[in-house]
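Worksheet for the structure shown next.
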Amino acid sequence: MLARTHTFTIEGLQTRHVTVEVDVRPGLPCFSIVGLADAAVREARERVRAAILNSGFEFPARRITANLAPGDVRKEGPGLDLALACAVLAASGQLASERLGCNALFGELALDGSVRASQGTLAVAHATRRAGLRALVLASRATREAQLVEGIEALAVERLSSAVRVLNGGDADPPPSAARASRTRAVPDWRDVDLGEVRGQRHAVRAMMIAAAGAHSILLSGPPGTGKTMLAHRLATILPPLSRQEAVEVTRIQSLLGNGVEQLASERPFRAPHHTITTAGMIGGAQRGWVGEVVLAHNGVLFLDELSEFARATLEALRQPLEDGRVAIARARHSALYPARFMLVAATNPCPCGYAGEGDRCGCTEAELARHRRRLSGPLLDRIDLLVNLQREEAHAAGPAPSISSAEAREQVIAARERQAARLAKEGISVNAQMNGGLLRRHARLGERSGEMLLSARQNGLLSARGEQRVLRVARTIADLGGSARVRERDLGAALALRADASLAGGRAA
């Protein structure tokens with residue numbers, strides 16, 4: 001007898017629909033699983049056998065063949081256990097098969113027959129809806145996560161016997177209480193910091209607002225104690241809230257990593273890896289569930305403090321995600337494509353000792369300065385929109401007045417984002433940093449004098465072709481912050497100044 005049901009496997013950060021076909025017929029007792037299954041799926045044979053027996057059902061002493069289709073897609077993880085067990089029961093006549101084919105099943109089985117949650121529940125719920133299936137039967141503990149997806153019914157089961165009852169037309173188990181299900185995920189708390197705490201450095205504060213308004217990357221260069229790290233940490237207080245689509249994407253990544261989620265993400269990710277991180281740690285690997293910091297920072301901020309201390313190979317690996325908003329990883333037996341659209345915020349000293357430009361305080365030789373500059377390649381700097389140089393300001397008894405509070409800055413940033421979203425609604429993007437050349441010609445037209453200014457900068461070697469586009473994106477954002485429908489000459493001038501401001505870029509075409 002043949003039974004068929006549906007489940008899903010996780011491939012990188014994607015889900016793949018898997019049809020489970022089980023055939024039970026007379027013959028020498030054996031249980032075979034075919035269809036490019038990994039070790040965890042092959043081991044499901046023993047988990048399924050024990051769970052069926054310990055749940056009070058009969059494990060058929062016949063020849064059992066389970067096929068996982070399509071056969072050319074690698075099946076990974078223990079989330080297929082529940083579907084395999086129910087298909088075996090249906091093929092042996094212990095479960096009605098009418099409901100089996102119109103629902104998806106996802107969960108790991110314990111030997112006693114209880115159903116455990118598997119990572120990727122949110123993504124599986126989305127895939128269930130896209131596949132047009134009626135409901136998703138899954139572990140009770142994961143029900144709240146699945147319920148974040150609209151338009152799909154999540155049926156909670158505590159045990160394999162509960163799944164049989166549900167598929168026979170009975171009621172699902174009640175989901176766990178919020179207190180029982182809660183698994184707290186640490187997120188940064190920015191309520192105790194404010195942009196108003198930054199004294200002076202008005203041009204740097206303004207640059208941070210521009211970066212937040214247009215989702216631009218930014219490099220802060222300056223001596224120790226000038227407020228680079230302080231500014232970077234306060235960027236989170238002026239960023240706009242996540243849109244629903246962005247919140248779903250952030251939550252989906254957390255779900256696929258096995259982090260329990262019961263509500264959509266409310267905070268933009270803020271990742272700050274140590275400078276000793278490896279390239280694999282930054283970018284990720286093709287191994288299942290191994291994603292890097294650039295993916296974890298998707299729709300948020302990737303802060304790299306002491307940028308020049310990172311390994312050069314690690315920094316060079318950032319070039320693709322900065323340009324494309326995604327990272328493709330290919331290995332001998334596996335490849336994966338991950339979303340990686342983040343704001344890069346970097347801070348660095350202008351020289352090894354940190355005091356270049358401060359007279360006798362800097363003891364670095366010309367050779368040391370040259371080696372320091374070579375740590376950051378021209379192609380990498382060319383992909384950073386804003387290059388800001390911070391100088392030490394003179395001390396005053398009362399200190400310089402604060403530039404602007406986080407609340408005031410965030411209000412301006414949100415207004416600028418709303419202007420961008422309205423203008424770019426038909427283009428499939430929402431922020432200026434994502435505009436390509438065609439969209440820049442359409443939405444960032446320059447007047448005659450502005451065009452001459454940009455042409456002069458390029459002819460003088462101050463801008464590359466890529467740098468010219470980045471200047472136009474920043475100029476468009478500055479105009480949005482000023483409430484202007486067109487890019488004015490002063491907007492372009494401010495963008496050019498921010499493009500050539502960092503001492504680290506000295507001697508290179510921006």
Matching residues, the range 242-262, being in contact (Cβ under 8 Å) with a residue 40 or more places away in the chain, at negative phi and of a type outside the set (A, V, I, L, M): SER243, GLU246, GLU249, THR251, ARG252, GLN254, SER255, ASN259, GLY260, GLU262
Any hit, the range 129-148, residues being outside any helix (DSSP H, G or I), under 25 Å from the mean Cα position of the chain (by Cα) and more than 19 Å from VAL261 (Cβ to Cβ): yes
Filtered residue count, the range 430-454, keeping only those that are under 18 Å from GLY467 (Cβ atoms) and either in contact (Cβ under 8 Å) with a residue 40 or more places away in the chain or open to solvent by 60 Å² or more (accessible area, probe 1.4 Å) (or both): 12
Within the range 240-267, considering residues that are touching an Asp or Glu at 6+ places or on another chain (Cβ under 9 Å) and open to solvent by less than 40 Å² (accessible area, probe 1.4 Å), the one modelled with the lowest pLDDT: GLY260
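Out of the residues in the range 61-72 meeting the condition of being open to solvent by 10 Å² or more (accessible area, probe 1.4 Å) and within 16 Å of ARG16 (Cα to Cα), tell me which one is modelled with the lowest pLDDT.
So the first thing to find is which residues in the range 61-72 are open to solvent by 10 Å² or more (accessible area, probe 1.4 Å), and the list is 61-63, 65, 67, 69-72.
Next cut, within 16 Å of ARG16 (Cα to Cα) only: 67, 69-72.
Numbers: ASN67: 97, ALA69: 95, PRO70: 94, GLY71: 91, ASP72: 88.
Per the criteria, the residue is ASP72.
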Residue ID - nearest to the chain's Cα centre (by Cα), chosen from residues in the range 19-55 that are modelled with pLDDT under 95 and acidic (Asp, Glu): ASP38
All helices (runs of 4 or more DSSP H) inside the range 18-127 with 2 or more residues being within 30 Å of GLU150 (Cα to Cα) and among the hydroxyl-bearing types (Ser, Thr, Tyr): none
Count of the range 363-383 residues which are of a type in the set (A, V, I, L, M, F, W, C), out of contact with any Leu (no Cβ under 9 Å at 6 or more places or on another chain) and surrounded by 14 or more Cβ atoms within 10 Å (Cβ to Cβ): 2
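Answer yes or no as to whether SER255 is in contact with a Gly (Cβ under 8 Å, 6 or more places away or on another chain) and of a type in the set (Gly, Ala, Ser).
Working: in contact with a Gly (Cβ under 8 Å, 6 or more places away or on another chain): yes; of a type in the set (Gly, Ala, Ser): yes.
Here the answer is yes, as SER255 does meet what is asked.
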Meets criteria (of a type in the set (A, V, I, L, M), within 18 Å of LEU219 (Cβ to Cβ) and open to solvent by 50 Å² or more (accessible area, probe 1.4 Å)) for LEU498: no
Yes/no for ASP112 being in contact with a helix residue (DSSP H, G or I) (Cβ under 8 Å, 6 or more places away or on another chain) and either of a type outside the set (D, E, K, R) or surrounded by 24 or more Cβ atoms within 10 Å (Cβ to Cβ) (or both): no
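Go through the range 149-171 residue by residue and tally those that are within 27 Å of the chain's Cα centre (by Cα) and either open to solvent by 30 Å² or more (accessible area, probe 1.4 Å) or touching a residue at least 60 places away in the same chain (Cβ under 8 Å) (or both). Steps first, answer last, please.
Applying the first criterion (within 27 Å of the chain's Cα centre (by Cα)) to the range 149-171 yields 149-154.
Okay, now just the ones that are also either open to solvent by 30 Å² or more (accessible area, probe 1.4 Å) or touching a residue at least 60 places away in the same chain (Cβ under 8 Å) (or both), so 150-151, 153.
The number of residues fulfilling the criteria is 3.
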Unmet criterion (only one of (1) within 19 Å of ASP385 (Cα to Cα); (2) more than 19 Å from the chain's Cα centre (by Cα); (3) open to solvent by 10 Å² or more (accessible area, probe 1.4 Å)) for GLY227: (1)
Residue count for the range 115-144, restricted to those that are over 24 Å from LEU89 (Cβ atoms), open to solvent by 10 Å² or more (accessible area, probe 1.4 Å) and touching a residue at least 24 places away in the same chain (Cβ under 8 Å): 3
Among residues of the range 211-231, those that are modelled with pLDDT of 95 or more and assigned to a helix (DSSP H, G or I), counted: 4
Any hit, the range 28-50, residues being touching a Lys or Arg at 6+ places or on another chain (Cβ under 8 Å) and under 19 Å from LEU136 (Cα atoms): no
Matching residues, the range 1-32, being closer than 10 Å to ALA83 by Cβ and among the aliphatic types (A, V, I, L, M): VAL18, VAL20, VAL22
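The values are calculated or read from the model by the stated rules, or taken from the named source; none is laboratory data. Quick caveat: nothing in here was measured; it's all calculated off a predicted structure. Neighbour counts are summed over all protein chains in view; Cβ atoms, including those assigned to glycine, are modelled from backbone coordinates with ideal geometry. Remember, those area values only see protein heavy atoms, side chains included, never the ligands or the DNA or RNA. Shrake-Rupley method; radii C 1.70, N 1.55, O 1.52, S 1.80 Å.
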